[in-house]
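Just so you know, all these numbers are worked out from the coordinates, no wet-lab data involved. Just so you know, these numbers come straight off a predicted model, no measurement behind them. FYI the Cβ positions are ideal-geometry reconstructions off the backbone, even for glycines, and counts take in every protein chain you see.
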There are 2 protein chains.
Amino acid sequence: MRFTYEALPSRIVFGAGRRNELSAEVQRLGGTRVFLISDGQAKAIADELASGLGALVTGRWDEVVQHVPVELADRARAAVTVAGADLVVTVGGGSSTGLAKAIALTTGLPIIAIPTTYAGSEQTTIYGLTGGRHKQTGRDLVVLPKAVIYDPELTLGLPPSVTGPSACNALAHSVEALWVKEANPVTTALSLEGVRAIAASLPRVMAAPDDLEARSQLLYGAYLSGVALATTSAGLHHKITHVLGGTFNLVHADAHSVVLPHAVAFNAPVLPAEMARLAEALGSPGADPAASLWDLATASNVPTSLATLGFERDQLAEAASRAAAEITDNPRPVDEAALLGLLERAFDGLRPSTEPGGSS
Amino acid sequence: MRFTYEALPSRIVFGAGRRNELSAEVQRLGGTRVFLISDGQAKAIADELASGLGALVTGRWDEVVQHVPVELADRARAAVTVAGADLVVTVGGGSSTGLAKAIALTTGLPIIAIPTTYAGSEQTTIYGLTGGRHKQTGRDLVVLPKAVIYDPELTLGLPPSVTGPSACNALAHSVEALWVKEANPVTTALSLEGVRAIAASLPRVMAAPDDLEARSQLLYGAYLSGVALATTSAGLHHKITHVLGGTFNLVHADAHSVVLPHAVAFNAPVLPAEMARLAEALGSPGADPAASLWDLATASNVPTSLATLGFERDQLAEAASRAAAEITDNPRPVDEAALLGLLERAFDGLRPSTEPGGSS
């Protein structure tokens, strides 16, 4: 047993209705002038929160764009300065959190995050801005929210079309945390807890989006998936889905449920201990976890084949080639041919069957 | 699902021989003048570490006393000032760590801890000093070590007479974390991981103290038990053992293996879900975890009855009375009569048998 592990500080306030404790959390951090960021979907809840904060709110911002364009961040930062804010509250999905992080990066202001999706970025020190002359992405403790309020009531309205991809991205982070190079016994234990929570709740949430108990489980799992990403890194699965999204204009998030079973099937032969624990966390001890993940996707009514996502079979070779260049670290050696095989299986969307020593 | 959880920052460097990375860890924290604390048992290893640090060492301290007397802390603090140290390294058991914390409390200096026992205090913000006019105990983030090096090779020489009680204290912290008021799904997952590691390794370590793989598992479990204590609190079990130690001059640490099975048997009827998971972590799914803990103690050759520890039966009533006054929070209501029953069973040291709805 040999590992190095950095656990991040975090304060989690989890539970239905706990958004009402926002003022107390602001005061706990010594905040007196709040800059409140929200995205379009979170407008109504931001109004409610602003009303609760009352005179504590010194500025609001509701222009949020994916991938945090630098010029948007600069305008938001200027507004923060004009407002004289000493704390940022962000309510919304990953892009809202991303904008708050961009502000914290240059101002050092503390963030309280209130996520309304399963993005998980509120648990990480990862920031990213796009469109400037230099790529701005990295990890910095200053962007990590000082407190996160998880209120599952805020996710009740999330449509299945957003819930599915967002939750499957979270699930994939927890699964990949089992095999990336930073994996250690602690990250593994927490990631399996995340898998357990998501697998148990996702089909229920997709069938009944207003099931508060299932929504709580799913949000809890997404939180742990954020922790997994924060303490490990992206691996095989996310490198592949990144290529699919970036190169082929595929909606990145939709590919997670398709690729994950086949990424697991590919790595399974070299990770017997991890796969046994993954199978247990998926609720089917002793079964093939790749097949269980495919079953979970089917039960959750999320995509299982690249073909249905508008991908063309003749694009697979280029995707395999690009992904091969990105994947430098994987417990099972990866080359273009292996990735092409994996992508072909993902294209066809067949239920994986792992053979001992085989690829899928 | 409703909980509030504060995770502490930590950096863990775990593995055989990794004490050799101490210089790198010192430099990572920007340390240039190290004050090195060690206890009597860790003298030889402290010499080795000092030699490795070379000119980085600006002062050493090897006077360490249990419970950190204030006058000792004051002398050590003065020595730190004279030495102009900017970082404290502590190698040894809980008392060495405690002295380093006392120094950090007034100086703000960062600590690197290298534990040689299973005390777990290197993971907590808890400090305590004794003997001054005022009781000085509390929690402060400044005393939390900035990095902890767990090198299981340093525990190979720990005699069974120290290993057993120290490990059983750690085990008790992980078990109690399942039922104290701060318990939440995350602390539960991590505590069960700690239980799993200790239960799997303790009998092996007690039978073969130089089994490095078993020592690694045990140290890993003790680390998680420290995390459990750091993020939750002491409950029924530790209140009882505290009374036994404080009032009756019983060696506090020896009582853990005796009391824990009966504390679990007492709480089991009201915690069916937790007990099922505890049973699994103890390696006997479906079995009575109280009995499994008693079996673990027996297999580990640690005490299972208060009688063998020099306790007298006519002291039980007073112990029950004192413990009842200390226990304000327990998932199952506690009164003097209930505690007397629990203590009588611990005195006799019989294997507990939980009856549904019964006490043991």
Proxy exposure order for B:THR81, A:THR304 (fewest C-beta within 10 Å first) is B:THR81, A:THR304
Which angle between 0 and 90 degrees, to the nearest 10, do you get for helix A:316-326 versus the longest principal axis of chain A when only C-alpha atoms count? 60
Which distances, in nm and shortest first, link the A:LEU8 label point to the same label point in every other copy, taking 7 Å along Cα→Cβ? 2.0
Nearest 10 degrees, 0 to 90: what angle lies between the long axis of helix A:256-267 and the longest principal axis of chain A (Cα atoms)? 50
Find out how many positive minus negative residues lie around B:THR247, taking Lys and Arg as positive, Asp and Glu as negative, among other residues whose Cβ is under 10 Å from that of B:THR247. 0
In nm, one decimal, shortest first: how far is the label point of A:VAL142 (7 Å from Cα along Cα to beta carbon) from the matching points in the other copies? 2.4
What is the minimum Cβ-to-axis distance for chain B, in whole Å, where the axis maps B onto A, and to which residue does it belong? B:PRO9, 2
For A:GLN136, other-chain or 5+-apart residues with amide H closer than 5 Å (H placed, Pro excluded) are A:LEU129
Most exposed to least, judged by fewest other Cβ atoms within 10 Å, A:TYR5, B:TYR150 sort to A:TYR5, B:TYR150
Only Cα pairs under 8 Å and at least 6 apart count here; give the relative contact order of chain A as a rounded whole percent. 14
Could you work out the helix-only [θ] at 222 nm for chain A, with each DSSP H run of four or more residues adding -39,500 (n - 2.57) and the total divided by the number of residues, to the nearest 500 deg cm²/dmol? -15500 deg cm²/dmol
In Å, what Kirkwood hydrodynamic radius results for the stretch A:197-331 from the alpha-carbon pair distances? 16.0
Cβ-based exposure ranking for A:TYR127, A:TYR223, in which fewest neighbours within 10 Å come first: A:TYR127, A:TYR223
Teacher prompt: B:ASP210 distances to equivalent labels in other copies, 7 Å Cα→Cβ, nm: 6.9
What aspartates and glutamates could a cross-link reach from A:LYS43, if we take a straight Cα to Cα line under 14 Å and drop same-chain neighbours fewer than 8 places away? A:ASP62, A:GLU63
What is the distance in Å between the Cα centres of the stretch A:85-135 and the stretch B:1-31? 26
Sum of side-chain charges, B:TRP294 neighbourhood, beta-carbon under 13 Å (Lys, Arg +1; Asp, Glu -1): -1
Pull up the cross-link candidates among the lysines for B:LYS135, meaning alpha carbon to alpha carbon under 29 Å and not fewer than 8 places away within one chain. B:LYS101, B:LYS146, B:LYS181, B:LYS239
Kindly express, to the nearest 10 degrees and within the range 0 to 90, the angle between helix B:289-300's C-alpha long axis and the longest C-alpha principal axis of chain B. 60
Could you tell me which of rounded, prolate or oblate describes the stretch A:1-149, using a ≥ b ≥ c as the square roots of the eigenvalues of the alpha-carbon gyration tensor, with rounded for a/c under 1.5 and, failing that, prolate when a/b is larger than b/c and oblate otherwise? oblate
Averaged over all directions, how much area does the convex hull of the C-alpha atoms of chain B cover when projected, in nm²? 17.0
